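So the structure is just underneath, and the comments pick up after that.
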Amino acid sequence: MRKLRLSSVIERRLLVNYRVAPEAAARLLPGPLRPQLVHGHAVAGVCLLRLGGVRPSWAPRVFGLRSENAAHRIAVEWDGPDGVETGVYIPRRDTASRLNVWAGGRLFPGEHGRADFQVHETPAQVRVALAARDGGTRVDVTVELSDELRGSELFADLAEASRFFQDGGRGFSATSSGHDLDGMELRTNAWHMKAARIQSAASSFFDDPDCFPPGSATLDSALLMRDIPVSWRPLPPMASE
């Protein structure tokens, strides 16, 4: 089945970033992907995403749907026909939407699990917590907006961080078949990120010592996007090794 192109508005996109030991990240990646390194670290994290107006690109916005979603991500690179390409690998997607669970991997790329979300948001602070219904993932993050990016060992400033994530707009995730990676690309002409300060953060994925031995995953920074119109373009499947 041909996958749909989608349009939506990113009502809120909170990126919580970790510095990860390259060997720990590499163990979680299917070929041909490898960790994209920044100052010797792999970059991984959680994307906590509320979308509004989600619809096929040809449909009026009035028919769009709204959903809370989460994706655990690892920044990756691979060898393309014109050189090294970059994006993210998504080992786990969760959503509050039953429709997304059904449609993910069918009507648009990316298979999802179902999760329950708790959200508290003000102009200056965001808290998002989720618990996957299969028990596989729990996340609880609170951040407050900041006037600049402070304390990051990955990025010198907000502009550098923003460029890094803008260049990683292509995401690939495993499929239940195990043969190919589903791909989707985020596109926007209104890219804008703000810095945030982490007040507290926990992720059962990054706290799992089987995936990340003690000391191999360290909280680094947080970034926030709000009210950004975007489109989502399916990519050709990538063969998984």
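Annotation note: of 143, 128, the sole residue that is surrounded by 13 or more Cβ atoms within 10 Å (Cβ to Cβ) and farther than 30 Å from residue 4 by Cβ is 143. Out of all the residues in the stretch 187-206, which are over 18 Å from residue 44 (Cβ atoms) and not hydrophobic (A, V, I, L, M, F, W, C)? 187, 188, 189, 192, 194, 197, 199, 200 - these are the residues of the stretch 187-206 that are over 18 Å from residue 44 (Cβ atoms) and not hydrophobic (A, V, I, L, M, F, W, C).
Only residues that are surrounded by 14 or more Cβ atoms within 10 Å (Cβ to Cβ) and either over 18 Å from the mean Cα position of the chain (by Cα) or in a strand (DSSP E or B) (or both) were counted across the stretch 188-201, and they come to 6. Take the conditions touching a strand residue (DSSP E or B) at 6+ places or on another chain (Cβ under 9 Å), surrounded by 13 or more Cβ atoms within 10 Å (Cβ to Cβ), of a type outside the set (Lys, Arg) and at pLDDT below 95 and apply them to residue 174. Does it pass? Yes: the conditions hold for residue 174. Scanning the stretch 2-44 for residues that are part of a loop (DSSP other than H, G, I, E, B) and either at positive phi or touching a Cys at 6+ places or on another chain (Cβ under 9 Å) (or both) gives 28, 39, 40. Applying the criterion of at least 3 residues that are within 21 Å of residue 54 (Cα to Cα) and at pLDDT 95 or above to the strands (runs of 3 or more DSSP E) found wholly in the stretch 84-168 leaves 113-121.
Within the stretch 45-81, the set of residues being among the hydrophobic types (A, V, I, L, M, F, W, C) and within 15 Å of the chain's Cα centre (by Cα) comprises 46, 47, 48, 49, 51, 70, 71, 74, 75, 76. Residues being farther than 18 Å from residue 112 by Cα, acidic (Asp, Glu) and touching a residue at least 40 places away in the same chain (Cβ under 8 Å) are entirely absent from the stretch 56-69. Checking every residue in the stretch 91-98 against the condition of being farther than 20 Å from residue 204 by Cα and hydroxyl-bearing (Ser, Thr, Tyr) gives at least one match. When the stretch 59-95 is filtered for residues that are more than 30 Å from residue 216 (Cβ to Cβ) and aliphatic (A, V, I, L, M), the ones remaining, listed by number, are 59, 62, 65. Could you tell me whether residue 42 is in contact with a helix residue (DSSP H, G or I) (Cβ under 6 Å, 6 or more places away or on another chain) and either more than 24 Å from residue 155 (Cα to Cα) or not β-branched (Val, Ile, Thr) (or both)? Taking the combined requirement at face value, the residue satisfies it.
The values are calculated or read from the model by the stated rules, or taken from the named source; none is laboratory data. Since this is a predicted model, take the numbers as computed values, not measurements. Backbone-built Cβ (ideal geometry, glycine too); neighbour counts: all protein chains shown.
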